[in-house]
Amino acid sequence: MKLHPTFYAVLCTLPLVAVSACDNKASPAIQSMPMDEHRTYPQADDSTMIRNVSNALLSDEALARSRINVAAHRGHITLSGTVASMQDKNRAVEIAKTVTGVIEVHDTLEINQATVGY
């Protein structure tokens with residue numbers, strides 16, 4: 001049986017393609033991550049992060065009367081509770097982002113003017 005020369009060319013190059021496809025040094029998950037995900041941050045323990053974010057929020061006069069709870073896990077901050085306005089909600093998130101060591105802020109704050117204050 002005589003085979004076509006093109007068949008031999010494909011048959012010979014197929015192993016080279018397979019080997020070069022396997023020569024991927026980095027994992028696909030790391031390759032697809034945005035560059036910001038590769039940054040390193042000084043990590044404080046969770047209780048320190050909670051204290052620092054809470055203090056930053058309390059030092060803001062507009063937010064000092066809001067009821068904002070802060071939770072932390074390895075630089076990821078979750079804000080929950082009640083604020084008076086969308087402006088206060090956005091301000092709380094922006095303030096939390098400025099605290100050293102914060103990687104990401106999850107916002108679950110609710111707007112309710114009737115329950116704000118003490």
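Below is a table of values for the structure above.
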{"read-out": "E110 versus S59: modelled label distance in nm, points set 7 Å from Cα along the beta carbon direction", "value": "3.0"}
{"read-out": "Neighbour net charge for M86 - beta-carbon separation under 15 angstrom, K R +1, D E -1", "value": "-2"}
{"read-out": "Given charges at beta-carbon only (K, R positive; D, E negative), |dipole| of the range 46-115 in Debye", "value": "100"}
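Every number in this text was worked out from the coordinates using simple rules, so none of it is lab data. Since this is a predicted model, take the numbers as computed values, not measurements. Note that each Cβ is placed from the backbone with ideal geometry, even for glycine, and that neighbours are counted across all protein chains shown.
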